[in-house]
Amino acid sequence: MKDFFLRNNAYHIWATNLLYDSIGNLSDEDYKKDVGLFFKSIHGTLNHLLLVEKVWYSRLIGEIYVPSSLAEELESNRQTLKSRMIESLELWNSWLTGLDNSIWETLFRYKTMRGFEAELIFCDVVQHNFNHRTHHRGQITAAITQLGGKLPEIDYVYYLQTKGK
């Protein structure tokens, strides 16, 4: 299980870098333009991703981070946001590496942002985080296309093919 999630995290680092290459070609106006995404703009969606990474990572390491909202802006500068996104994904990689294989099927208890107690199987919590990244990255790619940008192939299979795995 650990190897599976490490491979998935490596994929997300790869896909995020490629996505940012495409975003780099957008003007600041287009980057922050409300294009109808749930978090309005590409910038808003990327901020949301960083924020949720921070929320879940904090929960998983036994800390509590509760933002004011899921749309809270953690970083206004697009280059700094990119750096923080990659740092966050690399932090997940270090954390995953240190996990014991016995943890994956245990119950994970946490408090939701609304203050309710919840529990999920540990591997499902980690998988949710990876799925969340893919979900919003898909929204961002649609927005880049809508704005006339060019997209790289960032499906998981392309990662596997390029990495020879």
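Worth pointing out:
Rundown of residues vs (1) among the aliphatic types (A, V, I, L, M); (2) assigned to a loop (DSSP other than H, G, I, E, B), yes/no style:
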| position | (1), (2) |
| --- | --- |
| 30 | no, no |
| 45 | no, no |
| 57 | no, no |
| 65 | no, yes |
| 73 | no, yes |
| 82 | no, no |
| 92 | no, no |
| 96 | yes, no |
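- Residue that is surrounded by the fewest Cβ atoms within 10 Å (Cβ to Cβ) [pool: residues in segment 20-30 that are of a type outside the set (D, E, K, R) and farther than 15 Å from residue 136 by Cβ]: 27
- Within segment 116-136, not a single residue is small (Gly, Ala, Ser) and modelled with pLDDT under 95.
- When segment 123-165 is filtered for residues that are closer than 25 Å to residue 2 by Cα and not in a helix (DSSP H, G or I), the ones remaining, listed by number, are 154, 155, 164, 165.
- Across segment 90-99, the number of residues qualifying as under 11 Å from the mean Cα position of the chain (by Cα) and either free of Cβ contacts under 8 Å to residues at least 24 places away in the same chain or surrounded by fewer than 19 Cβ atoms within 10 Å (Cβ to Cβ) (or both) comes to 0.
- For residue 25, the conditions (1) within 27 Å of residue 155 (Cβ to Cβ); (2) modelled with pLDDT of 95 or more all hold with the exception of (2).
- Among the residues of segment 31-56, those that are charged (D, E, K, R) and closer than 14 Å to residue 85 by Cβ comprise 53, 54.
The values are calculated or read from the model by the stated rules, or taken from the named source; none is laboratory data. Here the structure is a predicted model, which means the values were calculated and not measured. All Cβ positions, glycine included, derive from the backbone under ideal geometry; neighbour counts span all protein chains shown.
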